[in-house]
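Everything on this sheet refers to the single structure shown next.
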């Protein structure tokens, strides 16, 4: 594409070529400070889900895991997606994480429509835009902590020195820099989850997507991890957290509740607390 | 552990093929060498039945001279069955034969002391003898003293005119290579009851002409005997051809066995690679979730397979080379790993390693990341 645009450089109007230059410059700036160039200003829509349907066929029966979900998440928000098991929240999380595509509907992530992307394009989108925190940490057991944290940077095409610097910085952020030589099974569950947070952080993605981040942790460690996630949000990171536990959702600022593939509540965390009280009261 | 097993499969496959092929090759070349030293240029002529018609040495020499462009040397060959006397003892193992002046060239020996049998000795039926080194030592203590002395074969006395250089560097023994007496064929024939000469050794100038020479000798003999029942003509080169044919068959069999062992090694590698990729589906899922594209995943697995199989291949070559020389020493032949065996076994096993690293990896790379992540 860039070769093509260079070839036709002479045919471009001046305004256009200025814009191209500006874009290239902006891009190189991004490369310098390591922030993702999603071009979305704080408070503007980062995730736009428009009438998302995901339909599986199981045993000849249609299962509508997501049945017309429309949701906008702005840059800098901390959103908890709550729902019981089977509510369709995992399917939604896979779509938001670009791990899966909707059967129909549109998903626009930082201005790019992912609905029609190929496997490799989705890989690239995930690499650039999304930092994953999984319930089971999903660290590679054979690699040491530094190598684990480096992986997104490796696939982003960074050189070895830069990778190590950034990965080390992320490990420092989660307080594990002195353990970088260890392998994951030498660590406790909470420590492993912090490594996976470091891995999600280090490539400076647009969104940090946390899927039941405390599901495998005890309550004290859970509080530490949630505290860390809250801090990340205060620093300006957009957080989307999937959980089945309403009390965990209280750490967020906005709650979206899913049931039977549909959004049944979307609002401020305080409004959600009232909504819960009301439900429990009945 | 897994990559060690993969390597082990390749090591065994490569080493087995190299050892097998190299040892058999070494054995074959040892056989051919010993056969060649017997003289591939020789044609042995023997007449079985002298009662009806006789073959006169003069006729034979006439025929030999007529075909001088084909034949190089000829000697009648007369076995003497009388014993060689050493004082009161007899040396029963010493081979005693009557030959012409050409014989020393046919067997390609050199004279150590004195001279060999001459044309004149044969013509005049002189009672002279040339001794092997061992025989001379046994009879006279010192081989250089033998020339000019007398020996007794049966009741006949012979003057020693020469001693042949020692042939066997390793050992001198009774009945060995250096235990012989040569007489002029005419003098030897005189000692037998019938003076007939029934065997000849002829050498050809060019072994490619062996068949032509054999045909010429056979037609000459047929003219005399009017039947091919009375004589046999055997060219050593035809024996060599036969041996080469058998060796060829042996090589083919060997190739089959080597192929099977490579195949077995390959199946092992294949199996391990398949299991490896299945086991690592989760890893593939994680890597894809973090942004690895199909090509990157493929690359990782193929490079792993390539490195594992090449290391295995190189170790296999080393083990094969060591094994070859060990087996060679054990069975007493000079076995050297052949380039062909090394190249074929290495490339086949590494090729299998690569192919079966590539195939499951390409399938794994296509996996949907959520499905891959869900596996345990």
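Would you mind listing how long chain B runs along its three principal axes, going by Cα atoms, in whole Å with the largest first?
Between the extreme Cα coordinates on each principal axis of chain B lie 106, 51, 29 Å.
Looking at the protein assembly as shown, send over the antiparallel percent of its DSSP beta bridges, to the nearest 5.
Looking only at bridges with both residues in the protein assembly as shown, the antiparallel portion is about 65 percent.
Taking 1 over the mean of 1/r across every pair of different Cα atoms in segment B:297-376, what Kirkwood radius in Å do you get?
That comes to 14.9 Å for segment B:297-376.
Please compute the average number of Cβ atoms from other chains found within 10 Å of each residue's Cβ in peptide A:85-94.
1
Can you give the Kirkwood hydrodynamic radius of segment A:89-140 from its Cα pairs, in Å with one decimal?
Across segment A:89-140, the inverse of the average 1/r is 11.7 Å.
Compare the peptides A:123-133, B:141-151, B:243-253 by average per-residue count of other Cβ atoms within 10 angstrom and give them in order, highest first.
Packing proxy ranking, top to bottom: A:123-133, B:141-151, B:243-253.
How far is helix B:236-279 tilted off the main Cα axis of chain B, in degrees rounded to 10, range 0 to 90?
It works out to around 10 degrees.
Starting from the eigenvalues of the Cα gyration tensor, five times each then square-rooted, give me the equivalent ellipsoid semi-axes of chain A, largest first, whole Å.
Equivalent ellipsoid semi-axes, largest first: 32, 27, 18 Å.
By counting other Cβ atoms within 10 Å of each Cβ, how are A:150, A:44 ranked from fewest to most?
A:44, A:150
In degrees from 0 to 90, rounded to the nearest 10, what is the angle of the helix B:2-37 Cα long axis to the longest principal axis of chain B?
Long axis of B:2-37 versus the principal axis of chain B: about 10 degrees.
Under 1.5 on a/c is rounded, so check that first for segment B:69-154, then, if it is not, pick prolate when a/b is larger than b/c and oblate when it is not; a ≥ b ≥ c are the square roots of the alpha carbon gyration tensor eigenvalues.
It comes out prolate by the Cα gyration axes.
Please compute, for peptide A:121-129, the average count of beta-carbon atoms on other protein chains lying within 10 Å of each residue's beta-carbon.
Counting other chains' Cβ atoms within 10 Å and averaging over A:121-129 gives 4.
What share of the DSSP beta bridges in segment B:49-229 is antiparallel, in percent to the nearest 5?
Looking only at bridges with both residues in segment B:49-229, the antiparallel portion is about 70 percent.
How far, in degrees from 0 to 90, does helix B:57-66 lean away from the longest principal axis of the Cα atoms of chain B, to the nearest 10?
60
State, to one decimal in nm², a quarter of the convex hull surface area for the C-alpha atoms of segment B:49-229, i.e. the direction-averaged projected area.
11.3
Calculate for chain A the 222 nm mean residue ellipticity that helices alone would give, adding -39,500 (n - 2.57) per DSSP H run of length 4 or more and normalising by residue count, nearest 500 deg cm²/dmol.
Taking each H run of at least 4 residues, the total per residue is -13000 deg cm²/dmol.
Read the figures in this text as sums done on the coordinates, not as results from a lab. Treat the numbers as computed from the prediction; the structure is a model and nothing was measured. Every residue, glycine as well, gets a Cβ built from its backbone with ideal geometry; the counts of neighbours run over all protein chains shown.
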